[in-house]
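Below is one structure; the comments refer to it alone.
The values are calculated or read from the model by the stated rules, or taken from the named source; none is laboratory data. None of these values were measured; they are calculated from a predicted model. Please note: Cβ atoms are built from the backbone with ideal geometry, for glycine as well, and neighbour counts cover all protein chains shown. Areas reflect the complete protein model, heavy atoms only, side chains present, ligands, DNA and RNA absent. Shrake-Rupley method; radii C 1.70, N 1.55, O 1.52, S 1.80 Å.
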Amino acid sequence: MELLKQRILKDGHVKAGNVLKVDNFLNHQMDVALFAEIGKEFKRRFAGCGVTKILTIEASGIGIACLTAEQFGVPVVFAKKSQSRNIDGEVFTTRVESFTHGRVYDIIVSKKFLSPGDRVLLIDDFLAKGSALNGLCQLVEDSGATLVGAGIVIEKGFQEGGELIRGRGVRVESLAIVDAMDPETGSVTFRD
Ligand code: 5GP
């Protein structure tokens, strides 16, 4: 998605440790007009898939998921990060390792909000090592719902997440795939 790539080149900052900082338009300050365009692009790519629900993970996926859900006319469910998985058994839960914080935590979704009749599109801001997306795939599988695919804003193609999730047989659509980035020069190289 050209608009997104240009914005990354203009406002993104490459940090040490393979982190791309995009907090002035994506995951701290949010450019809602850009989110609306992102939502339209996901709608175009997953049109005709019969999506009934968008699933994301708190916190930075929520804004994008909402603007995408508006396009599909369906609700958003966000997996909550939890200190303990013991919430009376009425939840689907799995374990996720945070790429940016290096912590392991449980994510939960109430069983009320995912059912076997659902056709779920996963949305997230980044795909790095794939732990967050893998956790979301697991929750969908546990619920018996159908996983339509995953829409990712920025995939870091030099990390293993894309291969891991596509290897699970999941359709992953990334709007920008970064193949290389250099903290010394600040350069970002996109796949084609
Ligand atoms: P993964 O589980 O794929 O390793 O990492 C995905 C999560 O880590 C995303 O939800 C995102 O919040 C965060 N993340 C991973 N890489 C980056 C990055 O380069 N920049 C930022 N801002 N967040 C990242």
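Quick notes on this structure:
- Förster radius 30 Å - calculated FRET efficiency between Arg45 and His101, Cβ distance, rounded to 0.05: 0.50
- Tilt relative to the chain, helix 32-46 - C-alpha long axis, 0 to 90 degrees, to 10: 60
- Backbone N within region 111-130 under 16 Å of label point (7 Å from Asp142 Cα along the Cβ vector): 111-116
- In a reduced charge model with +1 at each Lys and Arg Cβ and -1 at each Asp and Glu Cβ, the chain shows a dipole moment near 300 debye about its Cα centre.
- Normalised by the number of residues in region 6-81, the mean separation of alpha-carbon contacts (under 8 Å, six or more apart) gives a relative contact order of 26 percent.
- The relative contact order of region 46-129, computed from alpha carbon pairs under 8 Å that lie at least 6 residues apart in sequence, is 37 percent.
- Averaging over all projection directions, the Cα-based convex hull of the chain occupies 10.3 nm² in the image plane.
- Region 1-68: translational diffusion in µm²/s, Stokes-Einstein, Kirkwood Rh over Cα pairs, 37 °C, 0.692 mPa s: 250
- Projecting the Cα atoms of Gly117, Met30, His101 onto the charge dipole of the chain (Cβ charges, centred on the Cα centre) puts Gly117 farthest toward the positive pole.
- Percent carbon-and-sulfur accessible area, region 95-192, ignoring ligands, DNA and RNA, probe 1.4 Å: 45
- Taking 0.36 nm per residue of separation and subtracting the current Cα-Cα distance, fully stretching the chain between His13 and Val32 would add 4.9 nm.
- Along region 95-102 the Karplus relation, 6.51 cos²θ - 1.76 cosθ + 1.60 evaluated at θ = phi - 60°, assigns HN-Hα couplings of 10, 10, 9, 6, 5, 7, 10, x Hz to successive residues, with x for each Gly and Pro.
- Looking at the chain, the DSSP beta bridges with both ends there are about 45 percent antiparallel.
- Based on Cα contacts under 8 Å between residues 6+ apart, the chain shows a relative contact order of 19 percent.
- Spin-label model distance (nm) - Ala59 vs Thr189, 7 Å beyond Cα toward Cβ: 3.5
- Taking each residue as 0.36 nm, the span from Arg168 to Asp23 lengthens on full extension beyond its C-alpha to C-alpha distance by 49.2 nm.
- For the chain, the solvent-accessible area of protein heavy atoms averages 48 Å² per residue (probe radius 1.4 Å; ligands and nucleic acids excluded).
- Residue-wise HN-Hα couplings along region 5-10, as the Karplus relation 6.51 cos²θ - 1.76 cosθ + 1.60 with θ = phi - 60° gives them from phi, are 4, 4, 5, 4, 5, 6 Hz; Gly and Pro carry x.
- Here region 1-41 is assigned +1 on the Cβ of each Lys and Arg and -1 on the Cβ of each Asp and Glu. Its dipole about the Cα centre then comes out at about 160 debye.
- For region 51-60, putting each phi into the Karplus relation 6.51 cos²θ - 1.76 cosθ + 1.60 with θ = phi - 60° gives couplings of 4, 10, 7, 9, 10, 9, 10, 6, 9, 6 Hz, in residue order, rounded to whole numbers and with x for Gly and Pro.
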